[in-house]
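The values are calculated or read from the model by the stated rules, or taken from the named source; none is laboratory data. The structure presented is a predicted model; accordingly, all values stated were derived computationally and were not measured. Neighbour counts are summed over all protein chains in view; Cβ atoms, including those assigned to glycine, are modelled from backbone coordinates with ideal geometry. Ligands, DNA and RNA are excluded from the accessible area calculation, which covers all protein heavy atoms including side chains. Shrake-Rupley method; radii C 1.70, N 1.55, O 1.52, S 1.80 Å.
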Amino acid sequence: DYTLAMLASCKLNNGEPIRTLDQVMQQIGGLFLAIFVEIKVSELRVPPEQTLLALADATINIVKASGFASTSIIISYDPTVLKRVGARQPEGIIGGWDDADDEGVAQAKRWGLDWVLMPLRTVNPTIGAIADGLGKPIAVYGVNSPTDYMRAQRAGVEAMMSDSIRTLCSLLGRKPGK
């Protein structure tokens, strides 16, 4: 385990410092249509429920304080975190289930979550219709080729995330860096 001070003294491979969520929100807020904030929980060492609830509340409070709650989607695959995010939806919090499948779309609705995120590998031709029927938009990650893009588009996906700037630029008809 590391303290905040220890992490603040570390640098990423590109020389940038490790930033807190608050610092990142101040830097990028307003630059994107949506900001996905993921609460990661180790499957090897799941913290007690009280710790997970405190983590979810702290994340929600930082997002609210940033002024970008309406464009920030707090995501996780941990049920305790997801239920807490869903319960705070009346405060203007947007939540999303990460790594969902067909059943996850229905579960997102039951827990009061707004978005469903899924890896491209779980997208099937009926997922868009299921999500539409429940009023839940889908975001897919791992869309790294034009073929991936077409597959997600045919399934009725609302938003796509990619690790390939070149693919995104080619799909948008732009050159990298422009």
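Here are some residues: A69, A87, A65, A58. Which one is small (G, A, S) and within 14 Å of the chain's Cα centre (by Cα)?
A69
Failed condition for G15, given (1) part of a helix (DSSP H, G or I); (2) farther than 22 Å from V81 by Cα, with all others met?
Of everything listed in (1) part of a helix (DSSP H, G or I); (2) farther than 22 Å from V81 by Cα, G15 misses just condition (1).
Here's the yes/no breakdown for (1) touching a strand residue (DSSP E or B) at 6+ places or on another chain (Cβ under 9 Å); (2) closer than 23 Å to D22 by Cβ; (3) surrounded by fewer than 17 Cβ atoms within 10 Å (Cβ to Cβ):
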position	(1), (2), (3)
S70	yes, yes, yes
L82	yes, yes, no
G104	yes, no, no
A139	yes, no, no
A152	yes, no, no
G173	no, no, yes
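Scan (1) in a helix (DSSP H, G or I); (2) modelled with pLDDT of 90 or more; (3) surrounded by 16 or more Cβ atoms within 10 Å (Cβ to Cβ) for the single condition M25 breaks and write down its number.
Here M25 clears every test but (2).
Write out, first by first residue and then by second, each pair whose Cβ atoms fall under 8 Å of each other, whose residues are 6+ apart or on separate chains, and whose first residue, in the range 110-132, is more than 20 Å from K83 (Cβ to Cβ) and open to solvent by 50 Å² or more (accessible area, probe 1.4 Å) while the second is in a helix (DSSP H, G or I) and charged (D, E, K, R).
That search, which allows pairs on different chains as well, returns P125/R154; T126/D102; I130/D102.
I'd like the full set of residues that are assigned to a loop (DSSP other than H, G, I, E, B) and open to solvent by 100 Å² or more (accessible area, probe 1.4 Å), limited to the range 28-58.
If the condition is that a residue be assigned to a loop (DSSP other than H, G, I, E, B) and open to solvent by 100 Å² or more (accessible area, probe 1.4 Å), then L31, F32, L33, K40, E43, L44, R45 are the ones that fit.
This table checks each residue for (1) within 28 Å of A58 (Cβ to Cβ); (2) of a type in the set (S, T, Y); (3) at pLDDT 80 or above.
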| site | (1), (2), (3) |
| --- | --- |
| D99 | yes, no, no |
| G112 | yes, no, yes |
| L120 | no, no, yes |
| L134 | no, no, no |
| M150 | no, no, yes |
| M161 | yes, no, yes |
| R166 | no, no, no |
| S170 | no, yes, no |
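Give the range 59-68 a look and list any residue that's open to solvent by less than 70 Å² (accessible area, probe 1.4 Å) and assigned to a helix (DSSP H, G or I), or say none.
Passing the criteria: T59, I60, I62, V63, S66.
Kindly indicate whether L33 is closer than 26 Å to P79 by Cβ and not polar (S, T, N, Q).
no
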